[in-house]
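Notes to accompany the following structure.
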Amino acid sequence: MTQYQDFIAVASKFIEYDPDANWIFRYIVDGLTNHGFSTKMSETYTTLVIGQEFFSPSQSDFTSYINTAISEFPQLSPEGHTSLLEVTSKYVQDYYHPQVDTQ
């Protein structure tokens, strides 16, 4: 297995057993598939971002993982990959690190 495959496998197991991670995973995947992304693509990106949240890979490793994901889904434009990563990251960040309005 590659480092990318190992990371996906560990993150997937974590998501499977952690109720909060499982809930946000399903929520994001459902939203992305409702907007036309394939289930596999949605699950891959969501797993990567949740894995990043909990396992804090180095930036170079995470960039490598994203590049591998991009190569797995060549049908999506580079801009589409960037948007998918940004949206997924925003939902995970908002869930685990909500901004509290102090006004």
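The values are calculated or read from the model by the stated rules, or taken from the named source; none is laboratory data. As the structure is a prediction and not an experimental result, all values here were calculated from the model. Because the Cβ atoms are built from the backbone with ideal geometry, glycine has one as well, and the counts that use them run over all protein chains shown. For accessibility, only protein heavy atoms count, side chains too; no ligands or nucleic acids. Shrake-Rupley method; radii C 1.70, N 1.55, O 1.52, S 1.80 Å.
Side notes on the structure shown:
- A simple spin-label model places the labels of K40 and Y96 2.6 nm from each other, with each point 7 Å out along Cα-to-Cβ.
- Semi-axes of the equivalent ellipsoid of the chain are 21, 17, 14 Å, computed as sqrt(5λ) over the eigenvalues of the C-alpha gyration tensor in descending order.
- Carbon plus sulfur fraction of accessible area for region 17-103, probe 1.4 Å, in percent: 53 percent
- Convex hull of alpha carbon positions in region 6-65: directionally averaged projected area 3.9 nm².
- Think of a 1.4 Å ball rolled over the protein heavy atoms: the chain then has 62 Å² of accessible area per residue.
- A simple count of charges around T39, restricted to other residues whose Cβ falls under 12 Å of its Cβ and scoring Lys, Arg +1 and Asp, Glu -1, yields 0.
- Taking region 20-44 and a reference point 7 angstrom along Cα→Cβ of F73, the backbone N atoms nearer than 18 Å belong to 24-44.
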